[in-house]
Each structure stands twice: as structure tokens, then as C-alpha cells.
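First up is the structure itself, then whatever we jot down about it.
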Amino acid sequence: MKNDSIFHVEARWGGSEESPPPTRLRELIAELDVRDEEHPDTWMSHEDSGWSLRLDEDRFAYLDNAECETVKHLANVSSETALRLWTSFAAGGPAAVAAFEWKQGRPPVSEQEIAERAERARLAQLTLDRDFYDQLGPELSDASCREQGCTRGHIQYGVFCQAHHFQQIRGRPCPFSE
């Protein structure tokens, strides 16, 4: 790795390092062995070209242009290959890693991965909805909900029951019936 090239590495859990030595690069790559959905990747930016070479915990490498668009990817990247990619990229930018067997664009996402992401999003939304619903507080029995046909009480400082207040604020039916 040439010492006259300037590159920066963004560590997975925060912090940018300018031109770290190969021993530190190896440590940063090893951090990808720990699963962390919130921080799944780390990347190196090559100052002369503006391009980045990103590595993720799923063992993909991504070559991103100066506009942060993924141009190419590699699958099944071992730690040793990741280190070779980064040291080559640090020394010469995108041209220095052109000999690797890149595939164009982003890797395809499987139907299973799409379904898993949708389920995680649904569960996260349900958790947020439950928190909001619970914060509305108990329904009072001194007056009924103003929604026509509803026999539930109203929440404090409101005219609707929890479910109808939720619907009014969120703009969609309440997922809870109690």
C-alpha cells in the first residue's frame, strides 16, 4: 500500500480514520463478524477519486461512485479478500480493484429477504403504534366516544375513545381493539 494516497475509513460503529495501516484495516474488517442490523457496514473513501469501497456483514463488497451510487458488487468476500480489496483501493482507487470479478449494480434481493424486511417493518410499526395507543391513557366512563355508534368512553382531554383517537391522528384504522 502506497503511503502517498489519502483515504479515509469510516468505522462500523462510528468514527473516521485517515489512512490507517493494514493491521487496523484487518481489525475493522473483523468487526463485520458481529451481526448488527443498525450498523451493517464499514467503508473506505478514496480521496483522489471520490469513490468508496464498502464492506458489509453479509460478506458483500460494493464499489460506490462519487454520487454514492453502487456501481458494482462482489458476493462471498472473505476477510482476506476484503483486506486485499481495501489495500489495493487505498493505493489506487477504483482502477486498482478493476481486476476483481465485479458484477454490475447492486446484488438482487431475494423474495425471502423482501418478506423478512417487510415483517421487520410491520413489527416495528406495531410497536410504535402500541406505544402511541398506550400513551393515550385509559378511557373515562363519564361520556361516550363521539364516533357515531361507538359505546366506549373517551380519553382524558379528548372526545374519542383510544381506537377512534388513534384513527383520527394516524389516519388509518387502529390495530388494537381493547
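The values are calculated or read from the model by the stated rules, or taken from the named source; none is laboratory data. Everything numeric in this text was worked out from a predicted model, so none of it was measured. Cβ atoms come from the backbone with ideal geometry, glycine included; neighbour counts cover every protein chain shown.
The table that follows gives values for the structure above.
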quantity: The stretch 73-87, subset in contact with a helix residue (DSSP H, G or I) (Cβ under 9 Å, 6 or more places away or on another chain) and in contact (Cβ under 8 Å) with a residue 12 or more places away in the chain, residue surrounded by the fewest Cβ atoms within 10 Å (Cβ to Cβ); calculated: S79
quantity: Evaluation of C68 against (1) in the same structural domain as M44 (by TED's automatic domain parsing); (2) loosely packed, with under 13 Cβ neighbours inside 10 Å; (3) part of a helix (DSSP H, G or I) (one fails), failing number; calculated: (3)
quantity: Subset of the stretch 121-142 that is touching a strand residue (DSSP E or B) at 6+ places or on another chain (Cβ under 6 Å) and surrounded by 10 or more Cβ atoms within 10 Å (Cβ to Cβ) - its residue that is nearest to E38 (Cα to Cα); calculated: L136
quantity: Total residues in the stretch 84-129, condition more than 27 Å from R24 (Cα to Cα) and touching a Pro at 6+ places or on another chain (Cβ under 8 Å); calculated: 2
quantity: Residue among L63, L83 that is over 29 Å from A124 (Cβ atoms) and assigned to a helix (DSSP H, G or I); calculated: L83
quantity: Extreme residue, farthest from the chain's Cα centre (by Cα), among residues of the stretch 153-168 that are crowded, with 18+ Cβ neighbours inside 10 Å and not in a helix (DSSP H, G or I); calculated: H154
quantity: Test: R106 is charged (D, E, K, R) and within 18 Å of D41 (Cβ to Cβ); calculated: yes
quantity: Residue check for P107: within 22 Å of the chain's Cα centre (by Cα), without any contact (Cβ under 8 Å) to a residue 60 or more places away in the chain and surrounded by 11 or more Cβ atoms within 10 Å (Cβ to Cβ); calculated: yes
quantity: Within the stretch 30-55, tally of residues that are crowded, with 16+ Cβ neighbours inside 10 Å and within 19 Å of G92 (Cβ to Cβ); calculated: 10
quantity: Residue list for the stretch 91-100, restricted to those being buried (at least 17 other Cβ atoms within 10 Å of the Cβ) and touching a Leu at 6+ places or on another chain (Cβ under 8 Å); calculated: P94, V97
